[in-house]
Amino acid sequence: MRNNNNQRSPKPQTFELHPHSIKYLNSGHVWVTKDRFTELFPQELCLIGGGKEKDSPKWIFINDPHHPQVKARRWSQFSNSKMKQANFWHVFEERLAAAFKFRMVQQLQEERENFYLCFGEADEVPGLFIQKLGEVILIQSYCNYWKYFEKIVFNIVKRVAQHKYPMEPLQYYFQSRNKNQKIQLDYFNYKNEIEYKAPQKEFTLKEFDLTYHCNLGRSYDFGIYTDMSYIRKKVGELISKESSVLNLYSYTGAFSLYALKQGAGEVHSVDLSENYLDTLEKNIAINELKKETHTSHQKDVLRAVDEFQKQQKKFDFIICDPPSASSDGKKVTSALKNYSDLLPKLAKLSAPDGHIAIFLNTHTVNWNKFEKTIMPIAEKCKLTKMRRFNLGEDCKSLKGFHEGDYLKGILFKIK
Ligand SMILES: C[S@@+](CC[C@H](N)C(=O)[O-])C[C@H]1O[C@@H](n2cnc3c(N)ncnc32)[C@H](O)[C@@H]1O
């Protein structure tokens, strides 16, 4: 029988990449998207090497055959030793430790219980996002490799988190989509066993002195968008006492709550979802905010905006944060296209000296395209650009990887 130590590791699987992929990778991009070259990639979740020539790979990638578009994500420069599983997990742990430390140094915990501990590609852990939500550690996977090695991921995340937060009784959840795109929520119990399909978990969370009701398990959106926290603070600072505020596509009302906390005289929230608006009202009650000052409108935004216009309403601050594509129940329109209709209407609803903050939440449109589309519309409506809103603080970005910079916002003031 052969001694294990003498066994040779299997030869790494290496592939030639499309010249376009090479060009992007050389300029800091980290994905290899579907093309005729990726058709040769293996059908298993594994590490592969890739580069201009098959036999002299430049990078190591995490292969993800089941992902519809992103077929591989860059892990590191290529070397035979880095391809070994033990080394891979060692580097994974080091990267997590650095990512967690980055947030500790920022002392985000002083003003909010929700923040990212790891922000995927920007923390060199592609497709894996980890949020600290009070005592909940939520691991969200967008790359099937992490789900495949879920137990190892759980163990390492737990080890790093316990080291950084030794006094906290943390609970570990793993959220991913299965082959049918259904959300699965797993729980890592105190015996370090995975409980597949954990029951929904309800809890509350504090952000900037406001409490939010959260529910894990229904979807990736559990009640508050942590990637918007930094922007919420920046927008909140601009809302003054007595302002009238219109929050479009309000979701569970994080911006509305912030406006109420600032003492806004009148706040309107518009969303299609009754469930989200119910949570919003629950949040107003939990925070003992003035509910007489707030009105929920469960309807399509375009309809609500037309109605406000007929009533000749004016708002000091309008927030518009649509999903990347939205439906009025009949047809689906992309958020960017929608702005050509919507922005002029918002300008008409704006009070003299009023502000409008618009957002676009998709990695498929970069800043250049966003501004090129929006600015001519804004100029026609006499809106002056005051500033950009970007992901910030805990949500790192990576130069050359514009997909990671998916959240874009512009603040306008009416001339
Ligand atoms: C990206 S979320 C908004 C997040 C929110 N601004 C925040 O920071 O918490 C988009 C919301 O738009 C709502 N929505 C989608 N299409 C809509 C429509 N046509 N009219 C009104 N709301 C819509 C969804 O129900 C969802 O709550």
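Numbers at a glance
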quantity	calculated
Residue within segment 355-362 that is away from the ligand (no atom under 13 Å from the Cβ), over 21 Å from the mean Cα position of the chain (by Cα) and surrounded by 13 or more Cβ atoms within 10 Å (Cβ to Cβ) present	yes
Segment 237-293, residues that are touching a Phe, Trp or Tyr at 6+ places or on another chain (Cβ under 7 Å) and more than 25 Å from Leu343 (Cα to Cα)	Asn283
Residues of segment 208-258 satisfying the condition of being aliphatic (A, V, I, L, M), more than 12 Å from the ligand (Cβ to nearest atom) and not in a strand (DSSP E or B)	Leu238, Ile239
Given (1) over 25 Å from Leu277 (Cα atoms); (2) open to solvent by 80 Å² or more (accessible area, probe 1.4 Å); (3) part of a loop (DSSP other than H, G, I, E, B), number of the condition Cys395 does not satisfy	(2)
Whichever residue in segment 190-207 is within 19 Å of Lys132 (Cβ to Cβ) and part of a loop (DSSP other than H, G, I, E, B) and, among such residues, is least open to solvent (accessible area, probe 1.4 Å)	Ala198
Residues of segment 165-186 satisfying the condition of being within 13 Å of Glu135 (Cβ to Cβ) and in contact with a strand residue (DSSP E or B) (Cβ under 7 Å, 6 or more places away or on another chain)	Leu170, Gln171, Tyr172, Tyr173
Extreme residue, least open to solvent (accessible area, probe 1.4 Å), among residues of segment 306-353 that are of a type in the set (Ser, Thr, Tyr) and modelled with pLDDT under 90	Ser326
Test: residue in segment 242-249 that is open to solvent by 10 Å² or more (accessible area, probe 1.4 Å), under 17 Å from the mean Cα position of the chain (by Cα), touching a residue at least 24 places away in the same chain (Cβ under 8 Å) and under 29 Å from Leu302 (Cβ atoms)	yes
Unique match (being part of a helix (DSSP H, G or I), over 28 Å from Ile152 (Cα atoms) and basic (Lys, Arg)) among Lys23, Lys82	Lys23
Count - residues of segment 265-278 that are more than 10 Å from the ligand (Cβ to nearest atom) and either under 28 Å from the mean Cα position of the chain (by Cα) or exposed (fewer than 14 other Cβ atoms within 10 Å of the Cβ) (or both)	3
Residues satisfying the stated conditions in segment 161-175, i.e. farther than 17 Å from Glu113 by Cβ and open to solvent by less than 10 Å² (accessible area, probe 1.4 Å)	Phe174, Gln175
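The values are calculated or read from the model by the stated rules, or taken from the named source; none is laboratory data. Just so you know, these numbers come straight off a predicted model, no measurement behind them. Glycine gets a Cβ as well: all are built from the backbone with ideal geometry, and neighbour counts include every protein chain shown. The accessibility values were calculated without ligands, DNA or RNA, using every heavy atom of the protein model including side chains. Shrake-Rupley method; radii C 1.70, N 1.55, O 1.52, S 1.80 Å.
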